[in-house]
Amino acid sequence: MGRRVDRFVRARVFPRESVLDRGGPEAAEALGALRAEARAEGLWALPLPAGLGGGGLSFGAYAEFAEAEGASDHGPAALGSAPLLDVTMLARYGRPEVRDAYLERLVAGEIRSCYAMTEPGVPGTDPFRTATRAERHPGGGWLVTGRKWFTSGAAGADLVTVMARTSGAAGDREGLSLLLVPTASAGFRVVRELPVLGAPGQYEIALDGVRVPADHVVGEPGGALAIAGERLLLGRTLRCLRWLGQAQRAFDLMCERAATHGGSGGPLADRQLVQALVFDALLVLRTTRPLVREAVALVAAGRDARTEVGLAKVAAARMLQQVADSAIQIHGAAGLGPDTPLPALFRTGRAARILDGPDELHITSVARRVLRAYGRTGRTGPPVMGAGAIS
C-alpha cells in the first residue's frame, strides 16, 4: 500500500501542485480529479472508518505510509485522509444526530471541516484565556460570539469546531466547551485571510451571535480540554509524519542537484562543503524518524504519549527547516524561485516551529514532566525509553 500511495503522490499530486496552490475554480477542478483517481485506485480515505466509507486502516497501519502521502501538502486532501482528526473526534464524542448528519459526508469528501481554537491577542498556549463565549439561548441551543484566527481552511469549510467558554470567566481552568458550528449559520463570517509567510490557507473568522443547536456540543459542556488534548496528540503526530515526508523530498532534490550540477571544477557532489550539508541533512532525518515512530507507537496503543510527541514535534519541525534550507543552499538561486517546491517546504518548516504549539511550549512542558518524575521517585538514573507514563 505504501508504494502505491508514494507513486500516486509523486506521479499525480506533485505535477498539479502549482494549480492547487493558486486556489479558485481551477484548483477545485484539479482536486476533484485527483480524488476521483484515488477512489478508482482504491486509495481513498484509507485511515477513516470502513463503516463510513473509508479504508478502515488503524492509525498504526496508516502511519506506515503517512510520510509518503504528506510529502505534498495536498496529499491528504487528494487521498481523502484530511478529515481524520475531525472524523475521529466526532465519532468518539459527537451526539448521534451529529454523527448521522455529517460523518459519512465528511468521509466522502462532500463537506469539509476545520478547527478554531486560537484567538487574536490571546496566546495559543493559554486556552484558559479563551474569550469566545457560548451562552444558552432561551429557545434552546447556544449563542456563540467571538473571533478566532489562524483557522486552517475556514473559507471553504462547511463546519468549524469552535472552542468557547460556556461558564466561568477568562482564566478559569473549567468551563470551556467545543461546539460544532455550520458555517452557513447567520452571524458566521470569514473576516480575512492570513497568509503565513506569503502562503494562503489560514483565516480569521468572526462569530456574531451564531445560534448552534444543543446537540452540536462535542462531548459534554466544560469538557473541551480533554478532547482537545487527545486531538492535539494525534494531530501533532500526524504532522510529524508529514514533515518527515516533506524533508525526505527536500533531501532527494538536494542530492539530485548535487549529483547532476556543477561547474568547471566538477559536480557539486565533489565539494566537501556540499558533502557536509548532505551528511548533516541525512543525520537529522535518520535521528528524527525514530522519535516520531516512538510517538506513533504510543499514540496507536492509546498510551500517554505527551513526552514523546513533544520531543518528536520539536525535532521534526527543526529537521524540516534544516533540510529544506540546505537543499535551497545547494540549488542556489534556483532554490529561491518557483521552479522547485523548496520555498514552500522551507516555509512549512519555519511555520511548524510556531504553529501547533511553539518549540518553547514543548521544551518546557517535556522538561517539567521529566523533572517531576525524578522528584517523585528519587531515581538517579535516566528515565527509560518510551516513558510515556511520566505525567
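Which of the residues belonging to the stretch 323-357 are touching a residue at least 40 places away in the same chain (Cβ under 8 Å), in a loop (DSSP other than H, G, I, E, B) and surrounded by 17 or more Cβ atoms within 10 Å (Cβ to Cβ)?
Passing the criteria: T340, P341, L355, D356, G357.
Can you tell which of A155, A169, A184 is assigned to a loop (DSSP other than H, G, I, E, B) and under 25 Å from the mean Cα position of the chain (by Cα)?
A184
So which of L232, L225, L244, L253 is touching a residue at least 24 places away in the same chain (Cβ under 8 Å), surrounded by 24 or more Cβ atoms within 10 Å (Cβ to Cβ) and part of a helix (DSSP H, G or I)?
Just one listed residue meets the conditions, L244.
Among the residues of the stretch 109-142, write down those that are touching a residue at least 60 places away in the same chain (Cβ under 8 Å), buried (at least 20 other Cβ atoms within 10 Å of the Cβ), over 18 Å from the mean Cα position of the chain (by Cα) and within 11 Å of M163 (Cβ to Cβ).
T132, A134
Would a scan of the stretch 60-77 turn up a residue that is at pLDDT 95 or above, in contact with a strand residue (DSSP E or B) (Cβ under 9 Å, 6 or more places away or on another chain) and polar (S, T, N, Q)?
no
I'd like to check which helices (runs of 4 or more DSSP H) are fully inside the stretch 1-86 and have at least 2 residues that are over 18 Å from the mean Cα position of the chain (by Cα).
Of the helices (runs of 4 or more DSSP H) lying wholly inside the stretch 1-86, those with at least 2 residues that are over 18 Å from the mean Cα position of the chain (by Cα) span 2-8, 17-22, 24-40.
The values are calculated or read from the model by the stated rules, or taken from the named source; none is laboratory data. Please read these numbers as outputs of a predicted model, since none were measured by experiment. Positions of Cβ are backbone-derived with ideal geometry, glycine not excepted, and every protein chain shown enters the neighbour counts.
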